[in-house]
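Everything on this sheet refers to the single structure shown next.
The values are calculated or read from the model by the stated rules, or taken from the named source; none is laboratory data. For clarity, every value in this text was computed on a predicted model and none was experimentally measured. Heads up, the Cβs are rebuilt from the backbone with ideal geometry, glycines too, and the neighbour counts pull from every protein chain shown.
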Amino acid sequence: MRRLISLLLLLIVALGIFLCFSGASFGAEGASRAGKLTEDKVNFGRRYASRGLEENKAGNIVASVVVNYRGFDTLGEVTVLFIAAVGLAAILHARREEATPSKAEPASLIVFTGCRFLFPLILLLGAYIFIHGHLTPGGGFQGGAVVASGFLLIYLGCRGRGLRSAGVAVAESLSGLAFLAVALVGLAVGGSFLLNFLPKGSAFALFSGGVIPLIYVAIGFKVGSELGGIIDNLSGEAR
Amino acid sequence: MVSPILLIAVPLGLAFAIPVLGLASKRVPRYVPVIAMLFNLVVSVSLLPHALKAPIVVRTAGWAPPYSIHLVAGPLGVLLSSLIALIGLLVAVYGIDYIREGAKVKYQILYILMLVGATGVVLTGDIFNLFVFFEVLCISSYALVAYRGDSTGVEAGAKYLIQGAIGSGLVLIGIGLVYGTFGTLTMADIAANVSSVGSFRLFVSLAFLITGFGVEAAIFPLNGWLPDAHSSAPSSISAILSGIAIKAGLYAIARVVYTVYGASSILPFLAVLGIVTLLIGEMCAFGQEDIKRLLAFSSIGQMGLILFALALASATGISGAVFLIVSHGLAKALLFLASGYMIYRTGSRDISSLNGIGKRMPIMSLCFTVGAFSLIGLPPFVGFASKFTIVRAVLGTGSTFFITLLAIGLIGTVIEGAYFLRIVQGFYFKPAPEDSPEQTEGKVPFSALVPVGLLAVLILTIGLFPGIVGRVLGPAADDLLDRTAYVQHVMGD
Amino acid sequence: MIVFQTFLVLVMIVAALAAARFGDLLDAVIACALVSLMASIIFYFLQAPDVAMAEASIGAGLTTAIFIFAINRSIRYEENEKTD
Amino acid sequence: MSPQAILITAFAGAGLVFLAGKVHSHLRDFLAVLSSLALVGLIAWSHGQYGPDNEIVYVPDFLGMELALRLNPLAWFFAIYIAIINAASVVFSLSYMKGKEKLGFYYSMMLLVNAGMLGIVLSGDFLSFYIFWEIMSWSTYLLISYRRGPALHAGMKYIIMSLVGSCAMLVGILSLYAQFGTLQIAELGEAIAGSSSGYVLFILMAMGIAFGVKFAILPLHTWMPDAHSEAVSPFSAVLSGVLVRMGMYGFLLVMYSIVGLKTILNLGAGFFNFHYILSWLGAITIVIPTFIALLQNDAKKLLAWHGIGQGGYMILGMAFGTSLGVAGGIFHTINHGSYIALLFLVVGAVEYRTGGVRDLNRLGGLIQRMPVAFFGCLVGIMGLIGMPLTNGFVSKWFIYKTLITEGHPFLAFMAFVGTWGTILSVYKLLHNMFLGQLPEKYKEVRKAPISMQIPILFFCFVIFLFGVLPGIPLRAIQGIQDTMGFAPLQLTMWGLASGAGALNMLNICFAIVIAFAVVLLLMRLGAKPRRVPQEDSYAAGSSVPAGKYHHSVEFYNPLYQMISPYLKDRVDQFYYWAADKAQGVFELTRRIYTGYAGTYVLYIISFLALLIFLQLAWEIW
């Protein structure tokens, strides 16, 4: 019975969304506005695509959207991730005393060595991704995630080795502060938070895009340390 | 003039810095929230006169509004951010000694971030940014509810998380629909282009947004998480959740309905919903034996009244709603804070175990009484002034529909009076239970007495001189109602 | 192309339903990972390589690992809830 | 003296007494008495200082409204009446409350209630009226609860009914504001003149509920017997003597100061005329409670039911809207205040000396032990019955005369019936406390302390003073009536000068003195009485063990059996039934919150689906 009702309700909602997407214009506003959605002035997504490159000189338009045009959102998203990591740690903190530490069975030598071999390479890849965030697809979030997966590998393959939580905390803090500092310098220099105040260089060069690479590096560190911290906490071996 | 963006950036920076500070000293982190909120309070209040003149529009990254995120610090936003900072400050002071167990440093981080989220919600002018700060607020509150790690807390946190996540998902879908229709996320830009909600497509997006924000705002069928979450959280967090977090949800609804959509046709529905929420909240609160659960249900009731007042669509109605947001924030924070130490003292959340506590904790009980009286709406406390404004607004509309709803809603007030006054009687006139253990850890430290006392004084002072807040209410209501002015301020020319 | 994308979407839906139905949480997590993976591919085809990368690394990779850690700390099988 | 000074004194007194209680108990008692007496002085001094000089705006901007105070004859009259009864109660409390706990709280609440009531009568606009009304309500609630035990229940009952009333009043007041844009009482009178009778009726109903709850008009009376009997006796005196009569003040203010005499009399047609219905309510309020009082064995409950019953006379007089009737109603209000306060104080004194006994079946024969209390009781019940020479006689005379001249024999009959019931029941009060045989255990009972005797004797004096010289208060009442547009009465110091049923208390006084002298003479001439000890238990030739025999137990048994089936408080039962059912509904409502996250998610989805469905199906928005 309950299942049937739920299904019915979901069907209604789905119908609503479907009618929305089916393009049938139910009102007067749709026609006039929808026709212009391709114009720069109306649809700012279009505007970013057409003018982003000259405004920020970042080869990857997505980077200039994420870090510059909508950088404030990115700050918020980084914060959300930070909260998730801190919150998880806070909840697990109370439980830690009760939980019996699981016995660490050492992995086989092949796995152990393989992990140790791969780890720096993964870190390198991650660093590459976030350093080149303004040039190629990817950026702070993706790079950070890759870095974190390197730590994951260490936990899986090399039991007993891992991050120091103090180090994680420092990395988290400093990278977050760096992000904010860059943003606030923009406020101090040009009167606008997150302003791209550095010389922008020429597009597609490594040193281009003004503050974008700086912020992306900060984000990369922050995401990497936060996700690493989450893994660290969950694996139950944090010190 | 200080840039309003510092209201978000500075506390955020302090929160980011806490882990490092925590390594340096164990005692420093607990004072950081106090500093952050003190900063916010000073800045918000100093911004108030500017905001009253004209809303302050803050660009980020140097681009004009439709192309980038911006903050709009209008009278309503700055008033609410002052309220957030004020309650946040007092609760932060309370938290210095109240938080005794668990990861204390992490508590302080989450605490600041929750308030940053709330401040962001009330200040932002971009609908996706609204969502982001909403998430900051919600996720930190999920974590804080479960923060102690005990099973009830974790269970409540998980329930809250599930429902909150669904709510956020709905909001996200709604925002997606809006963006698909208009190609813009700036609220003013959308407002300038919405002609009517009559269009089905627009309506669906509005429905998603209302439902999604409604989960956090604790509107009736969407508020299942609230009683558990508010009662299981540490009292300082309950105070923030009840005093601020749910108001942020309601603010988001109001902003979306009034400013973005101008959806006046949906207002009667919201009014009915408000009254239903009010009645159900009060009815459920009546029989509660757990004091924090009772307070949580009472919050539901008050939210219903605020929603009802918001739905009046008149300047007095909205100023009444904003006033009630302020007065309920103060009173409910006070009640939760006071009950926090009472629970420490008696070791139980049962109302009957609090009997006779008036003798053992005279100041806390007195302040609790002040808060309870204010919530019921007895003069000369601030709750009266706000309820009075609402009733005046309803009668000012002269519409039979609203007056009938009001008459039903007043029953809620009577029920509220019945259960709060029962508690007050218990405090002072019922004998203490014989087997009540005298727990020495319940000794109230100075850091708890100051905020509780200050809240009581504020409740009385604003109640006697409502003009203190009253001057801001009118502009705040206009901020919400006057769409064309809003669009003009944000978009320029 | 559209056929392929439709196929991916269908796989996503089936995987999502499966994730909800599986009693073994480990299976459910794998199904979730599948959803993310498919989403990632679709993002790639929609010319959003950034999002595709994020979805692949976080959605399909790290989240799955975190889920498995979490299951490791609690129970693996969902208890049969009452049907009403 | 400006009204502001009076209110500041009143509120500051309440606060200071509370603080003084933390310092020293003597300081507290001294301050309490001082401030309550100072208030009497201040108000007495401000007599006659009416007019614009004493209209003060004390909060210029309370959310866009002005809060004002003013002093006019009506306000002054009620203010002095409040202050005197409160001062007497505070003095009485000195010994009655000695040694009880939380005295700082008690005294400051007494003064706060007093301040609230003074605020009500002095307020010049309805918003301040409402604010002070509520302050009075919640402080009363705290004071009723003070005695603990069953008092808690009584307090809850009181505050819930009071809250219902307040809500109604708030709606009424703000509807006035919405209609006329002002709440100044002076301006409202002119503004309301042109409005439709339906609207006026709505206002009267809304306000009437609040006043009716306080005034305990049937069927809104049920809080009163509990609250009066459970409160401490000095506060019962205030409660029954003045607090309840704030309802009267409210009725007078709304009906005659604002709505106006003409409109009131023409509200509705024939039998459904507003003031006619109100007077019927008054008549019912006389009869039923008075006979319920007869059934009571608790002295304070008995008085409480009389308090309700006597209220009926005031309503009856006031509702008629004639000069004589309204004068009678107002006069009866203060008269009733004086003797009901006196009786509560007497019961309090007895209670104090006998160790808290209020059960009439367990008292008796205290006449020689507590002569002053006996005298007070005698005078009090004389007033309550309305015997000549007491003030109750004069006001009841006014009311009867109004009923008769206005041609309402039925109502007059009911008023008479009420008086019979009163006589029967107060005799029981007097007899069972003071007359008859003295139970052994009360042999050692001592006289009431001096601080109790003073207020008792003071009230006796007032009762006789106003009984013999009714012109003193009636002058003041005349002043009130002038402001309301009533035709002036022809007053003398001794009573009414002219017209049918002129009243001259001087003549009556002479007649009574002569009659008294005759009786005294006859008694002197007759056989000498033989004195026996009060504890002598001798009945029809056989001696009864001391303490076993009390001939007033179940005194009116045959009568009880006759009337009791008709006198169940069905209204009260109905309220309890409703409350019970409501709680059942509340319990059911709580089941909405199952605590199971799946259900809650279902709620969320169904809410969304409902919104979409409504739009899909009917395009509501």
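Data table
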| read-out | value |
| --- | --- |
| Any hit, the stretch B:50-69, residues being touching a residue at least 60 places away in the same chain (Cβ under 8 Å), at the interface with chain A (Cβ under 9 Å from one of its Cβ atoms) and in a loop (DSSP other than H, G, I, E, B) | yes |
| Extreme residue, nearest to residue B:321 (Cα to Cα), among residues of the stretch B:77-106 that are within 14 Å of the chain's Cα centre (by Cα) and of a type outside the set (A, V, I, L, M) | B:77 |
| Hey, residue B:392 of a type in the set (Lys, Arg) and either over 17 Å from residue D:65 (Cβ atoms) or touching a Cys at 6+ places or on another chain (Cβ under 7 Å) (or both) or not | no |
| Single residue of D:282, D:212, D:241 found to be within 23 Å of residue D:126 (Cα to Cα) and small (Gly, Ala, Ser) | D:212 |
| Candidates B:215, B:194, B:272, B:204, filtered to the one that is away from chain A (no Cβ under 14 Å) and either of a type in the set (D, E, K, R) or farther than 21 Å from residue B:158 by Cα (or both) | B:272 |
| Boolean, residue B:405 is within 14 Å of chain D (Cβ to nearest Cβ), within 30 Å of residue B:310 (Cβ to Cβ), in a helix (DSSP H, G or I) and not polar (S, T, N, Q) | yes |
| Breaking point among (1) under 23 Å from residue B:276 (Cα atoms); (2) in contact with a strand residue (DSSP E or B) (Cβ under 7 Å, 6 or more places away or on another chain), for residue B:225 | (2) |
| Filter result (crowded, with 22+ Cβ neighbours inside 10 Å, among the hydrophobic types (A, V, I, L, M, F, W, C) and either more than 22 Å from residue B:136 (Cα to Cα) or in contact (Cβ under 8 Å) with a residue 24 or more places away in the chain (or both)) within the stretch B:15-49 | B:15, B:18, B:32, B:36, B:37, B:47 |
| Options B:202, B:295, B:250; residue that is crowded, with 24+ Cβ neighbours inside 10 Å and either in a loop (DSSP other than H, G, I, E, B) or under 16 Å from the mean Cα position of the chain (by Cα) (or both) | B:295 |
| Residue within the stretch C:61-73 that is touching a Lys or Arg at 6+ places or on another chain (Cβ under 7 Å), assigned to a helix (DSSP H, G or I) and surrounded by 17 or more Cβ atoms within 10 Å (Cβ to Cβ) present | no |
| Residue D:328 at positive phi and either at pLDDT below 90 or in a helix (DSSP H, G or I) (or both) | no |
| Boolean, residue A:182 is at pLDDT 90 or above, under 23 Å from residue A:57 (Cα atoms) and over 14 Å from the mean Cα position of the chain (by Cα) | yes |
| Qualifying residue in the stretch D:158-178 (condition: assigned to a helix (DSSP H, G or I), of a type in the set (Phe, Trp, Tyr), touching a residue at least 12 places away in the same chain (Cβ under 8 Å) and more than 18 Å from residue D:258 (Cβ to Cβ)) | yes |
| Selection within the stretch B:408-429 - among the charged types (D, E, K, R) and either under 18 Å from residue B:302 (Cα atoms) or more than 7 Å from chain D (Cβ to nearest Cβ) (or both) | B:416 |
| Close pairs from the stretch D:586-601: first facing chain B (nearest Cβ under 7 Å) and without any contact (Cβ under 8 Å) to a residue 12 or more places away in the chain, partner surrounded by fewer than 17 Cβ atoms within 10 Å (Cβ to Cβ) and outside any helix (DSSP H, G or I), Cβ under 8 Å, at least 6 apart | D:586/B:287; D:587/B:287; D:590/B:287; D:600/D:594 |
| Total residues in the stretch C:35-78, condition in contact with a Gly (Cβ under 9 Å, 6 or more places away or on another chain) and acidic (Asp, Glu) | 2 |
| Given (1) within 9 Å of chain B (Cβ to nearest Cβ); (2) in a helix (DSSP H, G or I); (3) over 47 Å from the mean Cα position of the chain (by Cα); (4) surrounded by fewer than 17 Cβ atoms within 10 Å (Cβ to Cβ), index of the condition residue D:611 fails | (4) |
| Number of positions in the stretch D:492-509 that are among the hydrophobic types (A, V, I, L, M, F, W, C) and modelled with pLDDT of 80 or more | 4 |
| Every residue from the stretch D:385-409 that is in contact with a Leu (Cβ under 7 Å, 6 or more places away or on another chain) and closer than 20 Å to residue D:456 by Cβ | D:392 |
| Failed criterion for residue B:151 (all others in (1) in contact with a Gly (Cβ under 9 Å, 6 or more places away or on another chain); (2) more than 8 Å from chain A (Cβ to nearest Cβ); (3) at pLDDT below 90 hold) | (1) |
| Looking only at the stretch D:484-498, and only at residues there that are touching a Ser or Thr at 6+ places or on another chain (Cβ under 9 Å) and of a type in the set (A, V, I, L, M, F, W, C), the one that is surrounded by the fewest Cβ atoms within 10 Å (Cβ to Cβ) | D:487 |
| Hits in the stretch B:366-399 - residues which are at pLDDT 90 or above and surrounded by fewer than 21 Cβ atoms within 10 Å (Cβ to Cβ) | B:366 |
| Any hit, the stretch A:156-170, residues being surrounded by 24 or more Cβ atoms within 10 Å (Cβ to Cβ) and assigned to a helix (DSSP H, G or I) | yes |
| Verdict on residue B:112 being more than 7 Å from every other protein chain (Cβ to nearest Cβ), surrounded by 24 or more Cβ atoms within 10 Å (Cβ to Cβ), more than 14 Å from the chain's Cα centre (by Cα) and in contact (Cβ under 8 Å) with a residue 40 or more places away in the chain | yes |
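Rundown of residues vs (1) within 24 Å of residue D:149 (Cβ to Cβ); (2) under 14 Å from the mean Cα position of the chain (by Cα), yes/no style:
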| residue | (1), (2) |
| --- | --- |
| D:195 | no, no |
| D:205 | no, no |
| D:217 | no, yes |
| D:235 | yes, yes |
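Every residue, every condition in (1) part of a helix (DSSP H, G or I); (2) modelled with pLDDT of 90 or more, yes or no:
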{"position": "B:416", "(1), (2)": "yes, yes"}
{"position": "B:419", "(1), (2)": "yes, yes"}
{"position": "B:434", "(1), (2)": "no, no"}
{"position": "B:458", "(1), (2)": "yes, yes"}
{"position": "B:471", "(1), (2)": "yes, no"}
{"position": "B:490", "(1), (2)": "yes, no"}
